[in-house]
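First up is the structure itself, then whatever we jot down about it.
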Amino acid sequence: MSSARTIAKNAGFLFSTEIINKIISLVLVIIITRYLGSIGFGKYSFAFAFIGLVTMISHMGLTVYIFREIAKDKSKAESLVNNTLTLKFAITIVSYLISVLIALAWPKTNEILPVILLVMVHELFNAFNTLMGIVFKAFEKNQFVFYYTSIERIFSLGFSAYVLMTGNGIYTLLLALIASKLITSVYCYIVSYRKFVKLSLSFDYKMWHSLLTNSWPFWFTMIFQRIYYQISTVMLTAMKSYQATGWYNASSTLITALTFIPSVITHATFPAMSRFHHTDSKDYLKRLYKQSFYYLLVIGIPISIGVSLLANQIILWMYKEQFIESGKILAISSVVIVLIFLNENMGYLLNSINKQKLFTASTVICTTSAVILNIVLIPRFSYIGAAVATVITQIISFGILYYFTTKNNYPLNLIKISYKPIIAGIIMGALVIYIKFMPVIYIIPLAAMGYFAALFVMGGFGKEEIDVVKSFIPWSGQKK
């Protein structure tokens, strides 16, 4: 496969990026939870979820669409990016006005209105940085994603740790986070101007029509994904309390932190998948899809098993006793980790072969299911009900996406592709139970070694997989 080295190199940069991003983000969350407490963290989490839901109209699915289009034809990049920038800015302003009106009318939001306003500013800079990240990925220059993410995360951690440790609260914390986003935006603007796209506001209404017409399936997918991932936080706050929201989000933050793994693989392979479909290289596309699916299985299965067995120990290690209730949530939610990995992979396959409407349909069905399940389960079971709703919804999502990919000539033999990782995972689980008396920081590496040793003995890694792992390192194979 001619693109294999490029994919591996870009995946390596994305992997490094996400490792830095998630590690620093996790440290930041630990600091925030310990200084703000469960109620303060609940308010913090709710504000971001509220803005994410109300302003989802501003996303329009444009970034996913231009990602695919730039990957296919880079000569269109400047026109696509500048018109997208203008559209997103205009729609974001409108969505922010709607957010303020809702916040003023709803007592739960009115009492934390200053927090919500600061989150709006934070998310405005974040949207710009995300758009620039899409440009870098579409040009397959993921080293710039690595650089800007590192800059943003390091400044976020440094500023936030300082303001919290010096006795400041949530308002100063958000100002610190905004400052880090602003610094990153300046960097992204300079890099784009010098190497990729000269940014400006463009008013090509014919282009706007084309963007909106072609991006709406991605938009609907993103809308329902946003609802799916944030509705539990909003509904828990509305039906229960900020404390319940804090406990739930302490657990869900850990699950979300692990989603960098499928993101790395899907974002690294998506440009190649789109090209293979566009150039009618179906055999290469099938091979790439099958490999990425297998790798995500290999990684996701041991994580799901390990987290389920060590949930309480992980929570106590990271958040201390005030978040002990989050252990129950994490144990239940761990089931969905491997499903999240696989569902994202199947969804991006559908996007790459111009079947984004099917991905949208699956997302609509699953989000509707999630809302109904939360309405039924949260009043009776609180945060436990929200966790159960998440598990059921991801199972539904997997079934639908597997059906759609199979019907579009991308079938997979699930038993054949998964039995070795499952057996290795069971062996690892037995090892975890045997050494569970040890500190979790020792259990995790020992369990990982046990899992991969078992998988290797069973032939779960061939020469091709070993070569891919080696080439995953960005600087491997490069001349000095």
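Counting other Cβ atoms within 10 Å as a rough exposure proxy, the listed residues Met165, Met318, Met438, Met346 run Met165, Met438, Met318, Met346 from fewest neighbours to most.
So which trypsin sites (Lys or Arg not before Pro) in region 144-210 end up in coil per DSSP with only 12 or fewer other C-beta atoms within 10 Å? Before the final figure, lay out the partial values.
Numbers: sites: Arg153, Lys181, Arg194, Lys195, Lys198, Lys206; in loops: Lys198.
Answer in residue order: Lys198.
Below 8 Å between Cα atoms, with a sequence gap of 6+, how large is the relative contact order for the chain in percent? The partial results should precede the final answer.
On the way: 624 pairs, mean separation 105.6, N = 480.
About 22 percent, as a whole number.
Can you find, among Tyr348, Thr245, Gly429, the residue farthest towards the positive end of the dipole of region 4-471? Put +1 on the C-beta of Lys and Arg, -1 on that of Asp and Glu. So the residue we want is Tyr348.
Once fully extended, how much extra length lies between Ala453 and Lys76, figured as 0.36 nm per residue of separation less the alpha-carbon to alpha-carbon distance?
Details: separation 377, 0.36 × 377 = 135.72 nm, distance 4.74 nm.
The span from Ala453 to Lys76 would gain 131.0 nm if fully extended.
I need the calculated FRET efficiency for the pair Trp317 and Phe203, taking r as the beta carbon distance and R₀ as 41 Å, to the nearest 0.05. Don't skip to the answer; put the middle values down first.
Details: r = 53 Å, r/R0 = 1.29.
It comes to 0.20.
Using the Cβ-Cβ distance between Leu26 and Leu104 with R0 = 51 Å, the FRET efficiency computed as 1/(1 + (r/R0)^6) comes to roughly 0.90. Footprinting exposure proxy ranking of Trp106, Trp208, fewest other C-beta atoms within 10 angstrom first, gives Trp106, Trp208. Neighbour counts of C-beta atoms inside 10 Å place Phe270, Phe437 in the sequence Phe437, Phe270, starting with the fewest.
Sum -39500 (n - 2.57) across every DSSP H segment of at least 4 residues in the chain, then divide by the residue count to get the 222 nm mean residue ellipticity, nearest 500. List each step's numbers first, then the result.
Details: 17 runs with 398 residues, N = 480.
Dividing the helical sum by the residues of the chain leaves -29000 deg cm²/dmol.
Ordering Leu118, Ile223, Leu201 by the projection of their Cα atoms onto the charge dipole of region 114-239, which places +1 on the Cβ of Lys and Arg and -1 on the Cβ of Asp and Glu, puts Leu201 at the extreme positive end. Under a model in which nothing but the beta-carbon of Lys, Arg (+1) and Asp, Glu (-1) is charged, region 4-471 shows a dipole of about 640 debye around its Cα centre.
The radius of gyration of the Cα set in the chain, together with its Dmax, comes out at 21.9, 65 angstrom.
Bear in mind these aren't lab numbers, they're just calculated from the coordinates by the rules spelled out. Owing to the predicted nature of the structure, the values given are computational and were not obtained by experimental measurement. Every residue, glycine among them, receives a Cβ derived from its backbone with ideal geometry; neighbour counts consider all protein chains shown.
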